[in-house]
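One structure is given here, and the rest of the page talks about it.
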Amino acid sequence: MEDRTIERLTDLYDYWMPQVSDTTTYPIDCVFTADELETIDRYKPDFQNPVRELENYRGHRVIYRNVLIRQDTNLMGIEGRVLDMTLNIRPASSTMFTYFRMHVAKDGRYVTTVRYKPANNTVRIDRSHCGFPHDIVNVREFLVSPSNGVLKMRVILDRHSMELFINDGERAASSLIYTHDGAQAISFEADGDVLLDVEKYSLNL
């Protein structure tokens, strides 16, 4: 990638994007030329994925395949605040589900939620109930592109941060989580029938 393109992309993410309330509608074409946008799209999966060295810190693995998700569901071994977890989310039948939700850093009072709505192909991160006492921007929503009806979601939790990677780096988002370390539960729910694959590794960080 051209050095100037990298410089301007860094400026966009480090300076401009934190000042924008709705990042899905930011006029990125006003910042970059058409050729630069094409270059960014070509290389985007390379810099929107976790570093491969993270896999060296993987510990215990838990795998589930073809789990039917309807109401709020806890899966044995799927919990924690320091982990690397990959989900494959797809409809269980020809009838599309309304939404799928993943709840992390959860206890009886606090929770951070990631919601996927296939009708408009959006993912939303909502940390409104994570316990931060001040009025900040707590909801972020962005467009995604499922492949053959399947959305791949990789989640990296490191105590008080969450990194989310969609479809191997097609989209990426990060968020701070202010919930106390004791909130370890993770659960999944859906409105409609979802088939879910889960592969979760603890991280020895």
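The length gained on full extension between Q71 and E53, counted as 0.36 nm times the residue separation minus their Cα-Cα distance, comes to 2.9 nm. By the count of neighbouring beta-carbon atoms within 10 Å, fewest first, V194, V150 end up ordered V150, V194. Candidates N138, N66, S128 compared by Cα position along the dipole of the range 51-202: farthest toward the positive end lies N66, with charges placed on Cβ.
Between G192 and T98, the built amide H atoms are under 5 Å apart, and every one of these is 5 or more places off in sequence or on another chain.
Taking 0.36 nm per residue of sequence separation and subtracting the Cα-Cα distance, how much length would be gained by fully extending the chain between R61 and D181, in nm to one decimal? Numbers along the way, then the final one.
Working: separation 120, 0.36 × 120 = 43.20 nm, distance 2.10 nm.
Roughly 41.1 nm would be gained on extension.
Please get the size of the charge dipole for the range 72-205, origin at its Cα centre, with Cβ charges of +1 on Lys and Arg and -1 on Asp and Glu, quoted in debye to the nearest 20. Mind showing how you got there, number by number?
On the way: 15 positive and 17 negative charges, 36 e Å.
It comes to approximately 180 debye.
The separation of the range 141-205 from the range 75-112, counted between C-alpha centres, amounts to 7 Å.
The convex hull built on the alpha-carbon positions of the range 59-203 has an orientation-averaged projected area of 8.1 nm².
FYI, it's all coordinate maths here, none of it is from the lab. Not measured: the values here are computed from a predicted model. Cβ sites come from the backbone with ideal geometry, for glycine too, and all protein chains shown count toward neighbours.
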